[in-house]
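Just so it is clear, none of the values below were taken in a lab; they were calculated from the coordinates. This is a predicted model, so every value here is computed, not measured. For neighbour counting, all protein chains shown are included, and Cβ atoms are generated from backbone atoms with ideal geometry for every residue, glycine included.
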Amino acid sequence: MSCSTPSALLEAVRFRYATKQFDPAKKIDTATWSVLEESLLLTPSSFGLQPWKFIVVDDPAIRESLVEHSWGQRQVADASHLVVMAVQKTIDEAYIDRFIDRIAEVRGVSIESLAGYRNIMVGAKGMMTPDWAAHQAYIALGQFMLAAATLGIDTCPMEGFVPAKYDEILGLEARGLRAVVLCPAGYRAASDRYADLKKVRWAAEDVVEHL
C-alpha cells in the first residue's frame, strides 16, 4: 500500500529541519495530533517490546519550568506540543510476560503458544540494557519526525536537556523510567532564520556505498 509518491516523500524530508523558533500562537489541531500519536504507537522496536513511554507535556507551567533544564531552549515551551521520550530502566520477566499477554489478547492466540517466543526474549534479557532501550526510543523519534513532516508539522529533536531534572519534574524515576530525548512539535515562527537555510549534507558518494 502506498500513501505517497517518491516526490512527495522527498518534499516532506526537505521541508523538515530542526526548528529553532516555534510560533506559540499556532497549535496542532486535535485530529492531526491524534494521527501523530498513532504514529508513535506504531513505531517498530526490537522484539516488538516497545520499552518506552511517550510523555506529552500539556501543562504550560510545567513546560515553562523545563526551559531552564533544556539549556534555555524555548522550543520546549513555545511549540504546540512537547513529547518527552522516556524508556524503561529495567526490562524484567514481568515486563516480558505483560507483553506476551498483550500479544495473546490482540492476536487471539493462547499464551502457551507463545512460550517459545517468551523463552527467546528471556534468554536475550541480558542485552536489554538502558542503552538498548534508548536506541529503541530513537527509532520512535525518527518515525515521529517523518510522520510530522508529511503533515506539514515542524519538529526539533533535542538532546540538549538535563535528564535527571526532567525525571524529577515529571515523576519518571518513581515509575522506573528515564528521559532520553525530546521532540517539540508545532509550526515554525516567521522569524526563524534557520527555516530557509540550505541543508548541508555530505555528497551521496561519500556516505552511500553499493557493494
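Taking the options TYR138, TYR117, name whichever one is of a type outside the set (A, V, I, L, M), surrounded by fewer than 17 Cβ atoms within 10 Å (Cβ to Cβ) and under 15 Å from the mean Cα position of the chain (by Cα). Spell out how you get there, then give the answer.
Numbers: TYR117 fails: under 15 Å from the mean Cα position of the chain (by Cα).
Being of a type outside the set (A, V, I, L, M), surrounded by fewer than 17 Cβ atoms within 10 Å (Cβ to Cβ) and under 15 Å from the mean Cα position of the chain (by Cα) holds for just one of TYR138, TYR117, which is TYR138.
Go through segment 29-60 residue by residue and tally those that are on the phi < 0 side of the Ramachandran plot, under 17 Å from the mean Cα position of the chain (by Cα) and assigned to a loop (DSSP other than H, G, I, E, B).
Narrowing segment 29-60 to residues on the phi < 0 side of the Ramachandran plot: 29-46, 49, 51-60.
This time we only want the ones that are under 17 Å from the mean Cα position of the chain (by Cα), so: 32-46, 49, 51-58.
Checking which are assigned to a loop (DSSP other than H, G, I, E, B) leaves us with 42-45, 49, 51, 57-58.
Adding up the residues that qualify gives 8.
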Every residue in segment 92-118 that is part of a loop (DSSP other than H, G, I, E, B) and closer than 28 Å to LEU182 by Cα, please.
ASP92
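Give the residue that is surrounded by the most Cβ atoms within 10 Å (Cβ to Cβ), with candidates limited to residues of segment 152-205 that are within 30 Å of LYS89 (Cα to Cα) and β-branched (Val, Ile, Thr).
The first filter runs over segment 152-205 and keeps only residues within 30 Å of LYS89 (Cα to Cα), leaving 154-186.
Filter again for β-branched (Val, Ile, Thr), leaving 155, 162, 169, 180-181.
Working: THR155: 26, VAL162: 15, ILE169: 16, VAL180: 23, VAL181: 19.
Per the criteria, the residue is THR155.
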Kindly provide the set of residues from segment 45-77 that are of a type outside the set (Lys, Arg), touching a helix residue (DSSP H, G or I) at 6+ places or on another chain (Cβ under 6 Å) and under 19 Å from ALA25 (Cβ atoms), ordered by number.
VAL57, GLU64, VAL67, VAL76, ALA77
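Could you list, in sequence order, all residues of segment 96-135 that are β-branched (Val, Ile, Thr) and either touching a strand residue (DSSP E or B) at 6+ places or on another chain (Cβ under 7 Å) or over 12 Å from PHE47 (Cβ atoms) (or both)? Give the derivation first.
Here is the first cut: in segment 96-135, the residues β-branched (Val, Ile, Thr) are 96, 100, 103, 106, 109, 111, 120, 122, 129.
Within segment 96-135, VAL106, VAL109, ILE111, THR129 meet the criteria.
For VAL76, indicate whether it is free of Cβ contacts under 8 Å to residues at least 40 places away in the same chain, touching a strand residue (DSSP E or B) at 6+ places or on another chain (Cβ under 6 Å) and not aromatic (Phe, Trp, Tyr). So that I can check it myself, show each step before the final result.
Numbers: free of Cβ contacts under 8 Å to residues at least 40 places away in the same chain: no; touching a strand residue (DSSP E or B) at 6+ places or on another chain (Cβ under 6 Å): yes; not aromatic (Phe, Trp, Tyr): yes.
So VAL76 does not fit the description; no.
I need the full set of residues from segment 72-91 which are part of a loop (DSSP other than H, G, I, E, B) and either surrounded by 13 or more Cβ atoms within 10 Å (Cβ to Cβ) or under 20 Å from the mean Cα position of the chain (by Cα) (or both), in order please.
In the first step, residues of segment 72-91 are kept if they are part of a loop (DSSP other than H, G, I, E, B); the result is 72-74, 79-80, 89-91.
Residues satisfying the conditions are GLN73, ARG74, ALA79, SER80, LYS89, THR90, ILE91.
Kindly provide the set of residues from segment 156-178 that are part of a strand (DSSP E or B) and under 11 Å from the mean Cα position of the chain (by Cα), ordered by number.
Going through segment 156-178, the residues part of a strand (DSSP E or B) turn out to be 158, 177-178.
Residue satisfying the conditions is MET158 alone.
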